[in-house]
Each structure stands twice: as structure tokens, then as C-alpha cells.
Amino acid sequence: MVKVAIDGAVQEAQPDELLIDLIERTGHTISHVCYHPQLGPVQTCDTCMVEENGRLIRACSTRVADGMAISTKSAKASAAQVEAFDRILSNHLLYCTVCDNNNGNCTVHNTTKLLAIEHQRIPFRSKPYEVDNTNPFYRYDPDQCILCGRCVEACQNVEVNETLSINWEDPNPRVLWDGGSTIGESSCVSCGHCVTVCPCNALMEKTMLGHAGFLTSLRKSALSGMIDVVKGVEPETGYGTILQVSEAESAMRSHRVRKTKTVCTYCGVGCSFDVWTKDRHILKVAPEHGPANGISTCVKGKFGWGHINSEDRLATPLIREGDKFRKASWDETFTLVARRLSEIKAIKGPDSTAFISSSKCTNEESYLMQKLARAVIGTNNVDNCSRYCQSPATMGLFRTVGYGGDSGSISDVQKADLVLIIGSNTAESHPVIATRVKSSHKLDGQKLIVSDLREHEMARRADLFLHPNPGTDLFWLSAISRYLLDNSLADTNFLDQWANGLEEYRKSLEPFTMEGASRTSGVPEETLKTVAQMISKAERMCILWAMGVTQHTQGSDTSTAISNLLLITGNYMRPGTGAYPLRGHNNVQGASDHGAMPNMLPGYQSVDDPDVRQRFETGWKVKLPSAKGLDNHEMVEAIHKGKLKAMYLIGEEMSIVDSNANYVGDAFAKLDFFVVQDIFFSNTCRYADVVLPGAPSLEKEGTFTSTERRIQRLYQVLEPLEGSQPDWKITQEIANRLGAGWHYQHPSEIMDEIASLTPMFAGVNYERLAGYKSLQWPVAADGTDEPLLYTKRFAFPDGKARLFPVSWIGPTDQPNSEFDLHLNNGRLLEHFHEGNLTYRTEGIRQKTPDTFVEVSPELAEERGIQSGTWVQLISRYGQVRVRALVTDRVQGRELYMPMNSLESPVNRLTSSHTDPVTNTPAYKETSVHLNVLPEVGESPLPRSNSRFGHPTPQNGVEVERKWKRPDYTPPGNGLVQLQTKK
Ligand code: SF4
Ligand code: SF4
Ligand code: SF4
Ligand code: FES
């Protein structure tokens with residue numbers, strides 16, 4: 001610790017602490033406009049000047065030193081702060097009372113007050129630019145822009161989309177998108193970072209405009225008149241009086257604007273934020289304190305909430321009558337569901353019914369779903385959609401290290417000095433995790449290797465990009481492991497101490513030569529050796545993988561090979577290392593954790609373990625089935641075979657997202673009784689006998705568990721839409737109509753029950769998760785959690801990891817002369833999965849109206865295809881009609897289709913082949929025949945899509961260029977210390 005005197009009081013500080021943080025931490029106040037703790041020093045505003053030893057320095061960019069004596073209020077410092085802020089006001093009209101940003105948190109307003117500015121010495125100067133309204137989600141008003149550069153810093157170095165810059169050399173600097181494009185035609189991905197950090201109203205969410213204030217919905221002409229009035233009285237009254245009026249208006253707003261914490265409903269990153277609402281209108285999403293995301297979001301979490309107030313929301317239960325559905329009361333519907341489930345159980349036995357929980361629902365809801373299956377119906381036939389993506393990764397980790405979850409946190413991925421990404425389009429599927437990798441790669445020298453079929457954004461950024469033949473990852477990964485062992489590049493100390501099974505594993509690697517790997521994968525031997533060398537030199541490596549690995553017939557084995565590689569290189573047990581199978585849905589981790597699996601009770605406790613069963617039997621006061629149930633792939637087969645008669649499915653668009661969708665739809669049509677619970681009338685609802693209107697995440701309480709095993713609370717933002725109910729209440733009522741006698745009043749009571757029965761969650765309760773607090777499982781009874789797993793031992797009885805031999809089989813459904821093209825598929829940034837939620841947000845639809853198939857330039861030329869050409873894709877299982885997008889993201893005879901379509905879902909083409917270990921479909925092993933159709937339409941991606949933009953990478957805001965302007969002088973003329981961020 002060092003000692004620093006602030007205004008005469010000696011304070012203790014960390015040696016590398018920023019002076020501004022120390023000043024604020026110790027209760028002193030100082031003006032600052034451009035500084036934001038999550039951006040670091042930006043140094044553009046100069047309002048944080050303090051005096052040290054007679055000279056002026058910026059508090060935001062100065063690191064403390066022992067013995068420093070700082071004055072924040074000396075005459076010199078105060079004069080410099082006011083002078084700096086006066087310059088800011090020359091770029092900004094203070095019309096707070098009629099401004100949508102007058103919500104008590106406007107930095108410009110608050111700094112005017114803090115510095116007691118009464119009059120503006122430098123007059124306001126309008127900038128010669130129009131307001132830019134071309135993005136559907138936010139707008140930029142150059143006249144209000146104070147050129148603080150926070151937005152640029154956020155875009156360049158936090159989001160690392162590198163769209164924004166400021167033309168410091170211009171007579172009238174402003175923020176630029178792609179160096180001078182409109183926002184709408186730029187590379188902006190609408191992540192919202194810039195809008196979130198803007199300290200004033202220059203960048204604002206369109207959902208705020210005209211809605212946040214009492215007077216802000218006035219017509220523009222009336223508004224301009226009022227702004228003139230405000231400006232007119234300023235010379236006489238000073239800003240003090242004007243601010244008092246605006247503060248009164250702001251206080252009135254606080255009575256009608258609610259700010260409620262929630263967790264994102266889309267991907268597994270687990271972003272959390274406050275949602276600002278006025279009645280049912282969503283004013284904005286404000287990320288700030290999220291333990292996983294801080295200020296970060298992607299377009300979906302920031303702006304993709306159109307589904308909440310969509311006219312398509314289900315608002316009454318529906319009962320099938322012939323080919324039609326009729327509206328019904330809850331009571332009638334519950335009675336029908338209970339009667340039919342009882343009848344089918346009585347006639348065909350408990351195992352004739354199956355349950356599918358939703359990875360969009362809360363942990364508590366999945367827990368109730370599996371409890372209904374097991375304790376009320378008496379079957380283990382319960383599953384969730386992790387079967388479609390994550391089960392193989394979980395299996396790979398179960399086999400080798402013991403826990404089926406990410407071995408560390410997102411912050412560990414940030415700390416690694418080598419990140420290896422395999423089969424994950426991280427920038428689109430887990431955008432906020434991608435920002436952390438992009439930032440560490442750009443700013444901190446982190447190395448990045450990407451292996452994928454497509455040259456997506458992460459591949460383009462990588463130091464090394466591998467393009468192996470489809471489905472060959474297991475081979476080249478195992479060959480690298482063998483090479484490292486053969487060449488004494490493995491971490492033998494780690495292996496001696498922490499791993500079992502080395503000799504058997506070494507033997508199993510015999511077939512995996514570098515030469516064979518190169519032949520099989522198509523990656524040159526030299527490149528594979530370079531990868532091996534990079535891995536061996538890395539002090540800390542993390543491997544990230546996703547559906548490009550897991551959705552293969554050898555998904556479990558390839559995941560195992562990844563974990564084996566981490567073990568032989570000692571890349572577990574330390575910060576900055578480990579295995580990161582990136583979870584897709586927001587709560588796909590939690591759905592499995594909480595027992596929506598046919599073989600596991602909550603907390604991965606096996607159904608065939610009598611001790612485990614007994615604990616649950618005592619807790620639930622019932623006898624439980626001991627035989628493993630059907631997983632969702634087996635359920636489809638069982639329906640076709642006539643063994644499964646009834647199903648209750650929550651929030652899964654299974655007839656679109658399951659592989660071989662036509663086959664799945666045919667199965668559903670055969671069910672005797674099918675209950676579907678959703679917020680929209682999904683495609684799957686078409687097969688239902690009863691449709692129950694559930695509630696989206698914003699309309700209920702509960703918890704989600706993100707990819708880093710982080711359990712977070714979501715609070716109810718809005719009342720459930722009239723006619724719908726939170727899903728846990730619906731499931732409870734069905735159970736009670738079947739005689740269960742459950743009495744949960746609130747999801748916290750469900751969590752208390754989970755904690756009492758599940759050692760992994762022993763210390764989880766709502767108090768420990770209040771607000772933005774979170775826990776990363778396992779959680780001991782005293783509340784201690786484990787952000788980094790395996791710091792003391794692996795999760796096996798002897799504490800040692802297990803090297804698990806795997807062998808090579810190779811992919812199925814290979815191209816042949818008839819089906820001559822390989823079809824890959826995956827998510828798109830703007831849409832989540834099939835798009836049932838995201839198509840309800842108008843702006844997302846504008847940017848990405850439809851699905852498409854990506855065709856390589858070579859293939860396009862060979863077949864006479866251009867972007868917009870309609871093509872028919874025919875596989876061994878079905879066909880779709882879709883427009884082509886010609887792009888060099890794909891190569892040769894490999895195609896790629898995003899999943900976001902209800903009309904032409906890619907799963908009409910995929911097969912029923914699965915990974916035999918987990919029954920996860922081999923979605924990524926599909927061969928197709930392509931017919932070029934005569935019609936040529938518009939490009940499936942409009943020009944306003946960010947993929948057509950031209951980013952302008954630079955080193956943050958580049959304030960040094962501002963300082964070089966001839967008209968720039970540091971305020972107070974006494975500035976001597978300029979310090980960069982590092
Ligand atoms: S990508 Fe767009 S929304 Fe995101 S920070 Fe950059 S300019 Fe802002
Ligand atoms: S638009 Fe950017 S530079 Fe302008 S005030 Fe907002 S954050 Fe600062
Ligand atoms: S979709 Fe994922 S990355 Fe985007 S805001 Fe939601 S949790 Fe974050
Ligand atoms: S806070 Fe803006 S220069 Fe320090």
C-alpha cells in the first residue's frame with residue numbers, strides 16, 4: 001500500500017490505483033466527464049484536473065505514487081476544471097427539462113451542478129451536421145455531442161467492433177461511423193455499448209425518445225421553442241435555477257419509471273442489466289453492474305425485446321377441436337390436461353408420458369418440470385434441449401475432469417495468453433464473450449487460434465486460422481496431443497501429480513500421427529506443428545468450443561479430446577486456463593443442472609443411485625423410478641414406435657430445431673395427447689391438443705445459470721400479460737390437479753428445496769443472489785462458490801483427472817455424387833436460434849429479414865449463382881427453398897445456413913444420425929444437392945446489414961490527435977503530465 005494525501009487527508013492506496021478511483025473511493029468529489037471505470041482513462045474532457053506539487057494533472061490518467069499530495073479544490077485546479085467544462089458546454093445545449101436524458105444520471109447535467117456553473121463563457125456552437133436516425137435502435141445528435149470519446153473507446157476497445165472514431169483534425173469534429181458513413185450503412189452491429197456509455201443525450205435509444213420525460217413528446221417545433229425559452233432565461237437567472245426546474249421534472253419521472261434488474265433471455269453469456277419501463281413500454285436496457293458483462297450487451301440483449309409486447313402473444317389457453325383451436329378458460333384447460341395425463345398413465349403406464357423442459361425457462365421451472373415427471377407421473381422421461389448441443393461437451397468433461405461445466409469464468413478467458421476456439425462462431429453466438437477475447441487480443445497481446453469451416457470474424461482476427469475438413473477435429477486434436485507427448489512438450493509434472501491413465505492414453509494416440517492428421521483434416525502438417533508449438537509455449541491456455549464440435553457423431557469424443565489436450569499441457573487448475581464449452585441458450589446449463597435429464601436428478605445425481613433416490617424420496621414423500629428415462633431423441637423414436645403417447649413440452653420449438661424436422665413433426669402428429677406451453681403459437685403448437693400461454697423472462701422471477709456456471713436472479717419487470725401465467729405456476733397447477741399438493745408461493749421457496757436436496761447447490765438462496773450478486777456453482781452450504789473449478793482437486797473421488805482414450809470413426813452423411821455439397825449451419829448474431837423471439841423486434845427484422853444459404857465465390861461462379869438467386873437444397877431427408885448469399889466466409893463446396901427461419905428451417909435437411917454417447921444429433925454432418933432456381937431476388941441481407949460495413953480499427957479514441965490541434969491548450973496552461981492507459 002502507498003500513502004497519498006487528498007486535500008490534506010492521508011489515504012492508503014494500491015500502488016497501481018488510478019488517482020480518480022482513490023479520490024472517489026475515499027469520499028471526495030471531483031468533476032469528471034469522460035472517465036468511466038469500465039473504459040479506463042480516455043483523457044478527452046480535462047475536467048478532472050487536480051493540483052500536485054504546483055502542477056496540474058489529470059486524475060483519471062495518473063497512477064498514485066507514495067507521498068503524493070493532491071489538491072482537488074485549489075484555485076488552480078478549480079479554475080482548470082471550470083475552464084475545461086466550459087469548453088464542453090460549447091458543444092452542448094443544456095435543455096434538461098425537455099430532454100429524455102434528464103433522469104438524474106446525466107453526467108453533463110450533474111457536472112454543471114457540481115461545478116456550480118451559472119453562466120457559460122464560451123457560447124454554444126452548433127455543428128454543421130444533421131441528426132443521424134438511420135439505425136433502427138438509436139440515434140446520434142452531433143449538436144449535443146461533447147466529443148468525450150467514451151463511445152469511441154467502447155466501440156474500439158471494449159466491444160472491439162471498431163466502427164467509431166472522431167475526426168479530431170476536422171474544424172468541426174464529430175463521431176464518425178466507418179470514417180463517415182451513415183450509421184445505418186456502417187459496420188455497426190447495434191450492440192449498444194456506445195449508447196450505454198454516452199454521458200449525455202447525444203446517443204440515445206429510440207425507445208427513450210419522446211417517452212422518458214413529461215415534456216419530451218412535444219412536436220419538434222414546440223420543443224425548439226421551449227429550448228429557446230430555456231436558453232433565453234439563462235443570462236438572467238443562471239443555470240442554477242434552470243437546473244432546479246429540471247431536477248423537479250426528473251424527480252417526477254422517478255415515480256413512473258421503474259428500473260428492474262433482469263438477466264438476458266437469449267444466449268448463455270448471462271448478461272444482466274436494469275430494464276427501464278414506463279407502464280409496459282420498455283424505455284431502455286441499461287447494463288452497468290453485470291458480473292458477466294459490465295457495460296456490454298449484444299443487439300439482442302440491448303434492443304431485442306419486441307416479443308414482450310408483441311400482438312402475437314398467447315393470452316388464453318387453447319384447446320384443439322378437430323383441425324382448429326378454441327379459446328378456453330384456465331380451469332377447463334387444467335381439468336382437461338389432468339384428466340388426459342391421468343387416463344394415459346392409468347392405461348399405458350407412467351413411461352408412456354414424456355416431459356421436455358425449456359432452456360429459456362428458469363432453474364426453478366426446470367426443477368418443477370422434472371419433479372412433475374418423476375414424483376407425480378412416475379417417469380424419468382424428461383429432457384431439455386441441451387441434448388441438441390451441449391450434452392457431448394458435458395460428457396467430455398464428466399469423463400476427464402468431473403464437472404459438466406466451464407472450468408473457469410469469462411475473466412479467465414480474458415487472462416489467457418492463448419485462446420483456441422474450435423467450432424464456435426463466438427462473435428455471433430456468444431458476442432459478449434467474444435468482446436473479451438477480441439479486446440485481450442487487440443490490447444494485451446493474447447494469441448488467438450481459430451479452427452472452423454467458416455472464416456467468420458474471430459477467424460479473421462486470429463493469429464492462425466485452420467480450416468479442417470468437416471468432422472475431423474478429433475483427429476487433429478489427438479495428433480497434437482501425441483506430438484506434444486512425443487516431443488517432451490507435455491506438462492509431465494502436472495500429469496504426474498494430477499492425472500490418471502497416462503500410459504493407456506499414450507497408447508491410444510498411436511494412430512494419430514501428424515501425417516495422418518494432415519491427410520484426414522486437410523490442414524498442412526507444418527500448420528499443425530505450429531499450433532502444437534504455440535500451445536506448448538503458452539503459459540495459460542483456454543479452449544472454447546461449441547456446436548461446431550458437439551453436433552457431430554463424435555461430439556462427445558471430440559470434446560473429450562479437447563479436455564485431454566488441456567490436461568496434458570497442464571491447462572487446468574490455474575487462472576487463465578481451462579475448458580469452455582460455450583452454452584447456447586440463456587439457461588441451457590441450468591436446465592440440466594436442475595434435473596431436466598432422463599438419467600440425472602438435480603445436481604447431476606444419478607437416478608440409479610439408491611442413496612440419492614432415497615434423499616429425494618424423503619424430501620418429496622414419494623417412491624421414485626430408478627430406470628433411466630428417454631432422452632428427447634429417443635422420445636421421438638418411441639412416439640413413432642407407439643410406445644410414447646403423451647407429452648408436455650415447455651418453450652421449445654422442437655419441430656423446427658430438432659434435427660430431421662419432418663420426422664419429428666410426423667412423430668408429434670401421432671401423439672394421443674400433446675401439451676405445449678409457450679408465449680407464441682409456435683410451429684410446434686400446430687401439433688398440440690392443448691396450448692398453454694406461459695410468460696417470458698421479464699414477466700417472472702427466478703434464476704438462470706449462464707455458461708460460466710453463474711446463477712443469477714431475474715426480477716419481475718412487468719406483470720404477466722393478462723391471460724398468461726409464469727410457467728412455474730402453470731406446472732404447479734398441473735401437478736396439483738394430478739394430486740401433488742405443492743404450495744410454492746414464490747420461486748425462492750423452490751430454490752430453498754433445491755438447495756436442501758442437492759449438495760452442488762447447498763448454499764444457494766435468494767438472499768445470496770440479491771440484486772447483482774451471483775454464485776458460480778458448486779456452492780457450499782456457507783455460500784462459498786467456485787468461479788474457478790479444480791483449484792484444489794478434480795471432481796473425482798481421488799481428486800485426480802482422468803485421461804480418457806478416444807478413437808477415430810469419422811463423420812456420417814458424407815457428400816457423394818448425388819449429394820455433393822457439405823451443409824453447415826449455426827446461429828446469426830441478430831437472431832436467436834430459429835428466431836421465434838427476435839423476429840418480433842422490428843429493427844432486427846429490418847437488418848436480417850430472412851435466412852439464406854452462404855455460397856462460396858468459387859461455387860457461385862461454377863453454378864451461375866449471385867446473391868439473391870433462389871436455390872433449392874435437397875438432402876436425404878428433406879428440402880428447402882432459400883436465397884443465396886455469395887460470400888468468402890465459406891470455401892469451395894461448403895455451404896452454410898443460419899438457423900433463423902420458420903419457413904425454410906435448415907433442419908428439414910438434417911438427419912437423425914446422432915452421437916451414440918449422448919444422442920445429440922449430428923446437425924453438422926449434412927450433405928445436400930443444390931438446384932439453381934430461375935428466380936433472382938434481392939440480396940437476402942439488405943445493404944443496411946453490418947456485414948457490408950467497413951470498420952476503421954484504431955487505438956481507442958486517440959486523444960493525442962486532439963492534443964495536437966492548433967486550437968488546443970490544456971486548461972489552466974499548467975498541465976504537465978499526459979499518461980496513456982497502460
Ligand atoms: S458497434 Fe455500433 S452500437 Fe456497438 S459500440 Fe460500435 S457504434 Fe455503438
Ligand atoms: S456521442 Fe460519443 S463523443 Fe459524443 S457525447 Fe456521446 S459518448 Fe461522448
Ligand atoms: S444474447 Fe448473450 S451476449 Fe447478447 S446480451 Fe444476451 S446474454 Fe449478452
Ligand atoms: S475525466 Fe476526462 S480527462 Fe479525466
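Just one of the numbered conditions (1) charged (D, E, K, R); (2) under 29 Å from His456 (Cα atoms); (3) more than 15 Å from ligand 2 (Cβ to nearest atom) is not true of Glu118; which one?
Condition (2) is where Glu118 drops out.
Please pick out the residue among Tyr766, Tyr790 that is surrounded by 14 or more Cβ atoms within 10 Å (Cβ to Cβ), over 18 Å from Gly590 (Cβ atoms) and not hydrophobic (A, V, I, L, M, F, W, C).
Only one candidate passes the filter, namely Tyr790.
It is to be established whether one or more residues within the stretch 132-152 are crowded, with 19+ Cβ neighbours inside 10 Å, at pLDDT 95 or above, within 16 Å of ligand 3 (Cβ to nearest atom) and outside any loop (DSSP other than H, G, I, E, B).
Yes, that holds for at least one residue.
Determine, yes or no, whether Ser946 is touching a residue at least 24 places away in the same chain (Cβ under 8 Å) and closer than 30 Å to Val806 by Cβ.
no
In the set Cys271, Cys200, Cys194, which member is touching a residue at least 40 places away in the same chain (Cβ under 8 Å) and under 20 Å from Val717 (Cα atoms)?
Cys271
Pairs under 8 Å by beta carbon, first residue β-branched (Val, Ile, Thr) in the stretch 571-598, partner within 12 Å of ligand 3 (Cβ to nearest atom), six or more apart or different chains?
Taking only residues 6 or more apart or on different chains, the pairs are Val588/Gly268.
When you go through (1) in contact (Cβ under 8 Å) with a residue 12 or more places away in the chain; (2) surrounded by fewer than 20 Cβ atoms within 10 Å (Cβ to Cβ); (3) closer than 24 Å to Leu630 by Cβ one by one for Gly349, which number turns out not to apply?
(1)
Which one of these does Ile754 not meet: (1) under 17 Å from Trp620 (Cα atoms); (2) part of a loop (DSSP other than H, G, I, E, B); (3) among the hydrophobic types (A, V, I, L, M, F, W, C)?
(2)
Tell me, yes or no, whether the stretch 892-911 has at least one residue that is over 28 Å from the mean Cα position of the chain (by Cα) and farther than 23 Å from Asn660 by Cβ.
Yes.
Before we move on, is Asn919 within 30 Å of Glu637 (Cα to Cα) and either within 16 Å of ligand 2 (Cβ to nearest atom) or not hydrophobic (A, V, I, L, M, F, W, C) (or both)?
Answer is yes for this residue.
With respect to the numbered conditions (1) away from ligand 1 (no atom under 16 Å from the Cβ); (2) in contact with a Phe, Trp or Tyr (Cβ under 9 Å, 6 or more places away or on another chain); (3) not β-branched (Val, Ile, Thr), which one is the sole condition not fulfilled by Ala328?
(2)
I'd like to check which strands (runs of 3 or more DSSP E) are fully inside the stretch 298-387 and have at least 2 residues that are within 31 Å of the chain's Cα centre (by Cα).
Those strands (runs of 3 or more DSSP E) span 353-356.
When you go through (1) within 16 Å of ligand 1 (Cβ to nearest atom); (2) over 20 Å from Gly301 (Cβ atoms); (3) surrounded by 16 or more Cβ atoms within 10 Å (Cβ to Cβ); (4) in contact (Cβ under 8 Å) with a residue 40 or more places away in the chain one by one for Thr216, which number turns out not to apply?
(1)
Within the stretch 411-425, how many residues turn out to be of a type in the set (S, T, N, Q) and outside any helix (DSSP H, G or I)?
Of the residues in that region, 2 qualify.
Check the stretch 166-188 and report whether any residue there is touching a Leu at 6+ places or on another chain (Cβ under 8 Å), of a type in the set (Lys, Arg) and within 17 Å of Gln954 (Cβ to Cβ).
Taking every residue of the stretch 166-188 in turn, at least one turns out to be touching a Leu at 6+ places or on another chain (Cβ under 8 Å), of a type in the set (Lys, Arg) and within 17 Å of Gln954 (Cβ to Cβ).
For the stretch 487-526, which positions are among the polar types (S, T, N, Q) and at positive phi?
Hit for the stretch 487-526 is Ser488, nothing else.
Looking at the stretch 283-297, which of the residues that are in a loop (DSSP other than H, G, I, E, B) and more than 11 Å from ligand 3 (Cβ to nearest atom) is farthest from Cys194 (Cα to Cα)?
It comes out as Pro291.
How many of the residues making up the stretch 321-343 are in contact with a helix residue (DSSP H, G or I) (Cβ under 9 Å, 6 or more places away or on another chain) and surrounded by 21 or more Cβ atoms within 10 Å (Cβ to Cβ)?
Count: 2.
For Arg256, all conditions in the list (1) surrounded by fewer than 24 Cβ atoms within 10 Å (Cβ to Cβ); (2) more than 16 Å from ligand 1 (Cβ to nearest atom); (3) closer than 23 Å to Pro199 by Cβ hold save one; what is the number of the exception?
Failed condition: (3).
So for the stretch 175-184 (the condition being closer than 25 Å to Leu283 by Cα, within 16 Å of ligand 1 (Cβ to nearest atom), buried (at least 24 other Cβ atoms within 10 Å of the Cβ) and under 22 Å from the mean Cα position of the chain (by Cα)), does at least one residue qualify?
No, the stretch 175-184 has no match at all.
Please list, ordered by first then second residue, the pairs with beta carbon atoms under 8 Å, 6 or more apart or interchain, first in the stretch 796-820 and touching a residue at least 24 places away in the same chain (Cβ under 8 Å) and surrounded by fewer than 17 Cβ atoms within 10 Å (Cβ to Cβ), second β-branched (Val, Ile, Thr) and part of a loop (DSSP other than H, G, I, E, B).
Ile809/Thr553; Gly810/Thr472; Thr812/Thr553
Filter the stretch 678-706 for residues that are in a strand (DSSP E or B) and within 18 Å of the chain's Cα centre (by Cα); which is nearest to Leu769 (Cα to Cα)?
Here the residue is Thr703.
Report the residue count in the stretch 76-111 for those that are under 23 Å from Tyr968 (Cβ atoms) and either touching a Phe, Trp or Tyr at 6+ places or on another chain (Cβ under 8 Å) or of a type in the set (Gly, Ala, Ser) (or both).
Residues that pass the stated criteria total 11.
Output the number of the condition that Leu624 fails; it satisfies all remaining conditions of (1) in a loop (DSSP other than H, G, I, E, B); (2) closer than 30 Å to Tyr923 by Cβ.
So the condition that Leu624 fails would be (2).
For the stretch 808-839, how many residues are touching a helix residue (DSSP H, G or I) at 6+ places or on another chain (Cβ under 7 Å) and not β-branched (Val, Ile, Thr)?
Of the residues in the stretch 808-839, 12 are touching a helix residue (DSSP H, G or I) at 6+ places or on another chain (Cβ under 7 Å) and not β-branched (Val, Ile, Thr).
When you look at Asp16, is it more than 16 Å from ligand 1 (Cβ to nearest atom), more than 23 Å from Asp66 (Cβ to Cβ) and either of a type in the set (Asp, Glu) or without any contact (Cβ under 8 Å) to a residue 24 or more places away in the chain (or both), yes or no?
No; evaluated as a whole, the condition is false for this residue.
Kindly provide the set of residues from the stretch 688-719 that are more than 16 Å from ligand 3 (Cβ to nearest atom) and in contact with a Gly (Cβ under 7 Å, 6 or more places away or on another chain), ordered by number.
Those that are more than 16 Å from ligand 3 (Cβ to nearest atom) and in contact with a Gly (Cβ under 7 Å, 6 or more places away or on another chain): Pro693, Gly694.
The values are calculated or read from the model by the stated rules, or taken from the named source; none is laboratory data. Keep in mind that this is a model prediction, so the values were computed, not measured. Methodologically, a virtual Cβ is constructed for each residue, glycine included, from the backbone with ideal geometry; neighbour enumeration extends over all protein chains shown.
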